[in-house]
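Every number here is computed from the coordinates shown, using simple stated rules; none is lab data. For clarity, every value in this text was computed on a predicted model and none was experimentally measured. Counting neighbours? That spans all protein chains shown, and the Cβs are built from the backbone with ideal geometry, glycine included.
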Amino acid sequence: MDQDTKVIQELQQLKQKVCHLEDLLTQQQNKKEKAGPFRIFLDAVGSLLFGLIVVGPVIVIVVGVLMVAASWLGKEF
């Protein structure tokens, strides 16, 4: 009988934790759905900075390597 009450208490605690996690999950989903203009602006700035800092130099390096390889083959651009 004592074990039954312990098991019931543990199940109640687990149920409370699951309910809390479900609440947190729904709050997180609501935050994702409500993208205001400020959030959109920050995403755009982040994408722009990523493009300038990461993608731009990579493209320059690739084009430079291709031009050096082409010059070794004797072709002009």
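Just for the range 42-77: of the residues that are within 32 Å of the chain's Cα centre (by Cα) and not hydrophobic (A, V, I, L, M, F, W, C), which one is farthest from Lys32 (Cα to Cα)? Before the answer, list the steps.
Residues of the range 42-77 that are within 32 Å of the chain's Cα centre (by Cα), as a first pass: 42-65.
Keeping just the survivors that are not hydrophobic (A, V, I, L, M, F, W, C) gives 43, 46-47, 51, 56-57, 64.
Numbers: Asp43: 13, Gly46: 17, Ser47: 18, Gly51: 24, Gly56: 29, Pro57: 32, Gly64: 41 Å.
If we take residues in the range 42-77 being within 32 Å of the chain's Cα centre (by Cα) and not hydrophobic (A, V, I, L, M, F, W, C), then Gly64 is farthest from Lys32 (Cα to Cα).
Where the second residue is of a type in the set (Phe, Trp, Tyr) and the first is surrounded by 11 or more Cβ atoms within 10 Å (Cβ to Cβ) and lies in the range 51-69, which pairs have Cβ atoms under 7 Å and are six or more apart or on separate chains?
Met67/Phe77
Only one of Gln3, Gln9 is surrounded by 10 or more Cβ atoms within 10 Å (Cβ to Cβ) and among the polar types (S, T, N, Q); which?
Result of the check over Gln3, Gln9: Gln9.
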